[in-house]
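Taking it in order: structure first as structure tokens, then the write-up.
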Amino acid sequence: MAKTPKLDLTQRPRRLRRQPSRRALVAETVVRAADLIAPLFVVEGKARPEPIASMPGVFRLCIDDLVKECRELHKLGVPAVALFPKLSPKLKDEEGSEALNPETLVLRAVRAVKKAVPELTVITDVALDPYTSHGHDGVLNDAKDDVDNDRTVTILGRMAVLQAEAGVDFVAPSDMMDGRVGHIRKSLDAAGFTDAGILAYSAKYNSAYYGPFRDAVGSAQAAGTRLLSKATYQMNPANRREAVSEVQLDVAEGADIVMVKPAGAYLDIIREVRNAVRVPVAAYQVSGEYAQIHAAARLGWLDLARCRDESLLAIKRAGADMILTYFAKEVAKQLR
């Protein structure tokens with residue numbers, strides 16, 4: 001058989017891909033445990049962890065189990081957790097008044113975690129949807145056909161101060177009300193919490209990918225109602241320039257970190273935001289993204305670990321400095 005002649009090529013990019021060690025040397029993007037934030041759900045009582053059917057491997061945890069989970073995450077090198085409460089319907093009303101209870105579930109959870117693992121960064125959600133009987137992120141107007149922006153913002157400021165008093169490191173307004181970052185910053189500073197940071201959900205879209213999360217915290221009823229949809233305050237998925245405007249407003253009002261949510265279907269938005277601001281950029285790989293990878297893997301259509309890792313790598317490559325993901329613990333274990 002005749003010998004195949006070698007092509008006269010100056011550049012052979014495959015030389016850099018020939019073996020794993022070479023590929024590692026030239027990798028442009030790396031996902032580390034230190035890049036990850038673990039969202040965790042907390043419930044009242046002493047019950048065993050409650051599985052969330054639409055989110056395999058994710059559980060609602062009582063405070064004792066939450067503390068254990070936080071200890072494990074810290075040992076694995078995950079630097080931060082984001083806490084979300086699942087309240088009894090008996091504690092919910094139209095005003096979300098339980099959010100201003102100094103002994104509400106999430107505040108007790110923050111105190112317990114910070115006492116047990118003080119080195120761990122704790123982030124708390126600032127929005128009323130876990131607390132309102134209608135499931136919206138704010139209080140409604142008299143006609144019940146819109147969220148009252150300014151009255152909601154006033155409540156969010158009080159929420160943020162209570163969370164800072166409990167010891168939280170970052171408050172994370174996820175409500176998408178106009179002016180809430182500025183009001184929260186002023187409220188925190190006036191109360192003496194100048195070191196409490198703001199991780200703003202700056203570009204939060206009205207996405208179809210939030211379903212499992214809403215089941216987890218019990219706010220699914222507000223995804224779309226006859227009188228009021230979350231589309232009146234969350235962003236239109238069609239809009240790109242608007243995301244940059246929202247982010248720049250939040251930075252001007254005092255946001256320390258800005259976030260894009262969801263992540264996987266919004267990689268272009270992450271890159272736009274990264275190019276537009278100097279502050280750190282977070283991205284939230286949301287419950288629907290997590291669930292769809294698991295669902296396809298269960299059917300044998302995708303390799304779970306490879307798709308998980310590729311999805312996180314893509315988010316980081318797009319420009320995210322940190323990623324909220326339900327895969328945080330298992331990825332950190334794998335990296336160990």
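We did not get these values from a lab; they are worked out from the coordinates using the rules stated. Keep in mind that what you see is a predicted model, and the values were worked out from it rather than measured. Using ideal geometry, Cβ is built from the backbone for each residue, glycine included, and neighbour counts are taken over all protein chains shown.
Test of understanding: in a Gaussian network model of the chain with alpha carbons linked when under 10 Å, which of 254, 264, 45 would top the mean-square fluctuation ranking?
45
In a shell of Cβ-Cβ distance under 11 Å around residue 150, excluding residue 150 itself, what net charge do Lys and Arg (+1) and Asp and Glu (-1) give? All intermediate terms of the calculation are to be shown ahead of the outcome.
Values: positive: 151, 180; negative: 148, 178.
Within the 11 Å Cβ shell, the charges total 0.
Name the most mobile residue of 25, 324, 107, meaning the one with the largest mean-square fluctuation, in a Gaussian network model of the chain with Cα contacts below 10 Å.
The residue with the greatest mean-square fluctuation here is 25.
In terms of Cα to Cα distance under 22 Å, which lysines are near enough to residue 115, apart from those fewer than 8 places away along the same chain?
Straight-line reach from residue 115, under 22 Å: 46, 68, 75, 86, 329.
Within region 235-336, which chymotrypsin sites (Phe, Trp or Tyr not before Pro) sit in a loop by DSSP and count at most 10 neighbouring Cβ atoms inside 10 Å?
On the way: sites: 266, 284, 290, 301, 326, 327; in loops: 301, 326, 327.
Passing sites in region 235-336 are 301.
Would you please name the trypsin sites (Lys or Arg not before Pro) within region 159-267 that are DSSP coil residues with at most 11 other C-beta atoms within 10 Å of their C-beta?
Values: sites: 180, 185, 186, 204, 214, 226, 230, 240, 241; in loops: 226, 240.
Taking region 159-267 and a limit of 11 other Cβ atoms within 10 Å, the loop trypsin sites (Lys or Arg not before Pro) found are 226.
What are the ³J(HN,Hα) couplings of region 229-244, residue after residue, when phi is run through the Karplus curve with 6.51, -1.76, 1.60 and θ = phi - 60°? Round to Hz, x for glycine and proline.
Computed from phi, the couplings for region 229-244 are 10, 5, 5, 6, 10, 7, 6, 6, x, 6, 9, 10, 4, 4, 4, 5 Hz.
Averaging over every viewing direction, what projected area does the convex hull of the Cα atoms of the chain cover, in nm²?
Values: hull surface 85.7 nm².
Across all orientations, the chain yields a mean hull projection of 21.4 nm².
Rank 228, 199, 66 by mean-square fluctuation in a GNM of the chain with C-alpha springs under 10 angstrom and give only the top-ranked residue.
228
In the chain, if the dipole is taken from +1 on Lys/Arg beta carbons and -1 on Asp/Glu beta carbons about the Cα centre, which of 153, 79, 312 is farthest to the positive end?
My answer, from the dipole projection, is 312.
Counting each DSSP H run of 4 or more residues in the chain as -39500 (n - 2.57), what helix-only mean residue ellipticity at 222 nm follows after dividing by all residues, to the nearest 500 deg cm²/dmol?
On the way: 11 runs with 125 residues, N = 336.
Roughly -11500 deg cm²/dmol at 222 nm, from the helical runs in the chain.
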